[in-house]
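The values are calculated or read from the model by the stated rules, or taken from the named source; none is laboratory data. Because the structure is predicted, anything quoted here is derived from the model rather than measured. Virtual Cβ from ideal backbone geometry, glycine too; neighbours counted across all protein chains shown.
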């Protein structure tokens, strides 16, 4: 437990700084948009309803969906998609409260201001905005708390944030990481809310002291947010940089760190972008936002190539390699040596009770059973292939977080789950895998993909080539077990994996 805490604490400065930067820039953008827009709406009242309707509509879009939509629209992952989405989410409370606050100023006060010779702009700045400031600041305080929370969802689109703690912690059942991410986000929201409250009190009470304290606080926060960037610039690493991507499950976290260790040993300065979605990470490689990552041949075959049929492992790997090179200039360096395939798994006693050993047996019992699947599976071509091949019709289908599926089937809340063949929790929960006699699932060879830029660098290839064919399925399952079952740290699991890998010697 202590090792996990130390390991997570070392990541805090980078995650907190990135999260704070996202929040401050998004809030600044939201205020720059909302204040002029509110004044325009107040001047042309017929615009008020449609403008607020659009702001409300944006707020109804699930935040993770809006973040994901930014990636294909902008053609990149990371900072920019996150900033645009977070800025959009900050608009509604600031805009609504600004309009409400200014329009709520007593008309008699405005008339009195005109009576003493004030012009419209003077009335706005000296009368309306000061009187409306408590309402406006309440909207800003609401927005900042929202943005701090929603910024944790920036991780799957490649923007570093405190969400890196939460996503990786949930997938690896590392409660220390989850708690650290949640506590840091909560404390940051409270701190920002308190500083904005100070600004509000300074305006209402016309207190220079409170305003100075709030300004110093914001300046300190800005320095915290920019410190890692300043340190990075002053201590510029002369080593060549390489960016590694990873998806959001235990095996991917381990493989991402494994590639990073190989690059580090070869003299590179690796950067990691983890917890990315399947299509987000593929697009990131196409766009050149990352240099390499580990994907699975069946995922590319179905999701990217849109193939409907299933072929043998060598055929799938060969055709995937050719298609990626011809269509996207992506290089398949080769297979790591193991497959991580989709499989149906059941509790052993439940399978024996129903007489289920194969997916064909499952098809006969399926109408009275509940399937537990991860969030992607039911929308993947893999599911359509196996459903059509075997005529599967489950009585109920539930979508669950992968970390919860095993507990759900163990407790009998679902009868069968979609597991991954290298997942150590299959053995830990004593689950039985159902044979796919008709080969409805494609092969899922783990393979290293390189972007067009990385493929042109022979040193990149030389750093990774010793890994090709070096990891057996049992070895990968053992590394996963260390994290998922034995609760060891990722670093310990990767060190063991490197020790067990049968790597070819380097020249």
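Please enumerate the residues belonging to region 399-422 that are in a loop (DSSP other than H, G, I, E, B) and touching a strand residue (DSSP E or B) at 6+ places or on another chain (Cβ under 9 Å).
400, 412, 413, 414, 415, 421, 422
For a quick check of your reading: which helices (runs of 4 or more DSSP H) sit entirely within region 106-182 and have at least 3 residues that are crowded, with 18+ Cβ neighbours inside 10 Å, out of contact with any strand residue (DSSP E or B) (no Cβ under 7 Å at 6 or more places or on another chain) and not assigned by TED's automatic domain parsing to the domain that holds residue 485? Break it down into steps so the answer makes sense when it comes.
Values: elements: 107-115, 120-123, 129-150, 163-172.
Result: 129-150, 163-172.
Mind telling me which of the residues 402, 466, 458 ends up being over 30 Å from residue 486 (Cα atoms) and modelled with pLDDT under 95?
458
Going residue by residue through region 184-193, is there one that turns out to be surrounded by 20 or more Cβ atoms within 10 Å (Cβ to Cβ) and within 26 Å of residue 423 (Cβ to Cβ)?
Within region 184-193, not a single residue is surrounded by 20 or more Cβ atoms within 10 Å (Cβ to Cβ) and within 26 Å of residue 423 (Cβ to Cβ).
With respect to residue 317, is the statement that it is in contact (Cβ under 8 Å) with a residue 12 or more places away in the chain and under 26 Å from the mean Cα position of the chain (by Cα) true? Let's see the steps before the verdict.
Working: in contact (Cβ under 8 Å) with a residue 12 or more places away in the chain: yes; under 26 Å from the mean Cα position of the chain (by Cα): no.
When the stated conditions are applied, residue 317 does not pass them.
Are there any helices (runs of 4 or more DSSP H) wholly within region 428-507 with 2 or more residues that are under 25 Å from the mean Cα position of the chain (by Cα) and farther than 30 Å from residue 415 by Cβ, and if so which?
The qualifying helices (runs of 4 or more DSSP H) are 452-455, 490-500.
Yes or no: region 40-52 includes at least one residue that is assigned to a helix (DSSP H, G or I), buried (at least 21 other Cβ atoms within 10 Å of the Cβ), in contact with a helix residue (DSSP H, G or I) (Cβ under 7 Å, 6 or more places away or on another chain) and at pLDDT below 90.
yes
Please note which helices (runs of 4 or more DSSP H) are completely contained in region 288-398 and include at least 2 residues that are outside the structural domain of residue 252 (by TED's automatic domain parsing), at pLDDT below 95 and surrounded by fewer than 20 Cβ atoms within 10 Å (Cβ to Cβ).
On the way: elements: 313-328, 348-354, 359-365, 381-390.
So the answer is 348-354, 359-365, 381-390.
Please count how many residues of region 194-239 are in contact with a helix residue (DSSP H, G or I) (Cβ under 9 Å, 6 or more places away or on another chain), at pLDDT 80 or above and exposed (fewer than 14 other Cβ atoms within 10 Å of the Cβ).
4
With respect to the numbered conditions (1) part of a helix (DSSP H, G or I); (2) within 18 Å of residue 40 (Cβ to Cβ); (3) touching a helix residue (DSSP H, G or I) at 6+ places or on another chain (Cβ under 6 Å), which one is the sole condition not fulfilled by residue 96?
Here residue 96 meets the rest and fails (3).
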